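Single-structure report; data block below.
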Amino acid sequence: MNTATKNERSAVETANYEDLCLYIDGEFIRGGGRKEQDILNPATGQPIAKLPHATREDLDRALAAAQRAFESWKKSSPIERAKVLRKVAELSRERAAEIGRNITLDMGKPLAEARGEVIAGSEHCDWHAEECRRIYGRVIPPRLPNVRQFVLREPVGVCAAFTPWNFPYNQAIRKVGAAIGAGCTIVLKGPEDSPSAIVAIARMFHEAGLPPGVLNLVWGVPAEVSDYLIKSPIVRKVTFTGSVPVGKQLAAMAGAHMKRVTMELGGHSPVIVFDDADVERAADMLVAFKFRNAGQVCVSPTRFYIQDKAYDKFVARFIEKTNKLKVGDGLAADTRMGPLAHYRRMPAMVQFIDDAKSRGGRIETGGAQIGEAGNFFAPTVLTNVPDDSMIMTSEPFGPVAPCVPFKDRDEVLRRANWLPYGLSSYVFTTSTKNALEMQNGIEAGIVNINHFGQAIAETPFGGIKDSGIGSEGGTETFDGYLTTKFVTQMD
Ligand code: NAD
């Protein structure tokens, strides 16, 4: 492709990209000499837009606006909050194609996945709109006849939220929906690398009539912004989705200032396929699920334990299906796996593979970058990797799948639980005994048996152990955004 054609193509693709900005106290803000960051298309490596960073004054304004807005928003009726959330759900369905296309441009995932993410996000808005009308307290039977005692649930206050780039729309809408639905206000720092979906969210809440200051959006150097916001006495709650080490830092900082936290962190989700499973069906389903979003998913299956008798059949089928995946620019209709979101993830993949090779691991397919432009990494299957190798112990957050055999149920349960993580897990079996033992025995916030059923609006999503604190979605979704007040009254 000559340079002119490439530039023309790039101009057409980015013509309607989001107009990136901050959103503070009901105002969309850009320019004004603020520092700007280049946003790159991961499929081409080319810049597509510039993102303004918040100044210290911007952060102070956002905090002050959120504090001011909380005084009235906490008194708003759930019906009023539900109306705004429902309107955003409606707008996001209407705009799913446009928002999805921009996610593909700045994050890389295939168009269908990006649009699907926005549609799923609309459901989260609907769910929070419905559930916020059911934030109930309770009446406790008194010990004396002239006493009334009851429990009130109240919004916690101003929330500082930090959301990542892998599902830029969904990760943010879950936090925003929960905070706003509970009657809290929020200062949100989205993912600087893939920001368009977050700006789109701010625009929809603005159009839906959300009062100024209830939602504020800032950008900057992540550690600087989080440090400033979490330490501010205005902030009462911290919610973060991202890596375990960063989550621990932020939770420690929040703890030092006695602030509540919701932490949705990384995992290392085991897959357990028993001999009695429909092995080929399991392999087909797992290829699609493993390489979705190029493996950049916190609940991505990352350690594949296959029982001895099923092992060869599973691995052969898994490799065959992996080899058929079409890797390419997410804008192309036939692409099944896009580029990695950021160039920094490429050397990370190489490290996992080099470590596996040095320990006797075999690369069955993939194992390297594809082409020179863009962050394309081949879907990779590894075998013969020891349990203490890097790929079996650290979250790959990329398109690398290690498969290893196991002998019996107790052994695989021990191996599944031996890491400090506990987010998701996957079991394939036709035995009710195996299914029951796994449900009871696996140390994880989520257990999927014979299908993938997690992360929908009406079910709780969250990890245990190092994978986090708290749940998003389900009837649990407001728990982290509410305080408990006990009232006792005598006539
Ligand atoms: P990273 O740890 O630098 O960043 C991950 C996310 O956290 C980004 O969105 C980033 O903006 C944010 N972040 C980083 N430091 C922060 C800080 N001090 N304060 C506030 N936010 C901060 O890593 P990366 O290269 O962007 O991503 C790779 C790793 O991140 C993966 O290994 C994966 O574990 C993790 N991650 C997890 C999720 C998830 O859904 N749990 C999502 C994205 C990334």
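Just a few scattered comments:
- Ordering Ile39, Ser92, Met253 by the projection of their Cα atoms onto the charge dipole of the chain, which places +1 on the Cβ of Lys and Arg and -1 on the Cβ of Asp and Glu, puts Met253 at the extreme positive end.
- Percent of alpha-carbon pairs separated by more than 16 Å within segment 342-387: 36
- Rotationally averaged projected area of the chain (alpha carbon convex hull; nm²): 25.3
- Cα-Cα pairs of segment 73-115 separated by more than 11 Å (percent): 66
- Three semi-axes describe the equivalent ellipsoid of segment 370-491; taken as square roots of 5 times the Cα gyration tensor eigenvalues and ordered largest first, they are 35, 22, 14 Å.
- Mean-position separation - Cα centroids, segment 397-466 and segment 230-308, in angstrom: 12
- Computed Kirkwood radius, in angstrom, where 1/r is averaged over Cα pairs of segment 269-456: 16.5
- Normalised per residue, the accessible area of the chain is 41 Å², obtained with a 1.4 Å probe and no contribution from ligands, DNA or RNA.
- In a DSSP loop and with at most 11 other Cβ atoms within 10 Å, the trypsin sites (Lys or Arg not before Pro) in segment 295-396 are Lys324, Lys326, Arg344.
- For Thr484, net neighbour charge (Lys/Arg +1, Asp/Glu -1) across residues whose Cβ lies under 13 Å away: +2
- Whole-Å semi-axes of segment 193-260's equivalent ellipsoid (Cα gyration tensor): 25, 16, 10
- To put it simply, the accessible area of the chain at a 1.4 Å probe is 52 percent carbon and sulfur.
- Of Lys189/Lys237; Lys189/Lys231; Lys189/Lys465, pairs whose Cα-Cα distance is over 18 Å: Lys189/Lys465
- Normalised by residue number, the volume inside the convex hull of the Cα atoms of segment 216-373 is 177 Å³ per residue.
- Cβ crowding within 10 Å averaged over residues, with 459-471, 476-488 ranked highest first: 459-471, 476-488
- Cross-link partners for Lys321 among the lysines, with Cα-Cα distance under 28 Å and sequence neighbours closer than 8 places in the same chain left out: Lys109, Lys290, Lys309, Lys313, Lys357, Lys407.
- Model label zone, Glu130; criterion: amide N under 20 Å from point 7 Å along Cα-to-beta-carbon; scope segment 463-491: 471-480
The values are calculated or read from the model by the stated rules, or taken from the named source; none is laboratory data. Given the structure is predicted, the values throughout are model-derived calculations rather than measurements. Please note: Cβ atoms are built from the backbone with ideal geometry, for glycine as well, and neighbour counts cover all protein chains shown. Accessible surface is based on the protein model in full, side chains and every heavy atom, while ligands, DNA and RNA are left aside. Shrake-Rupley method; radii C 1.70, N 1.55, O 1.52, S 1.80 Å.
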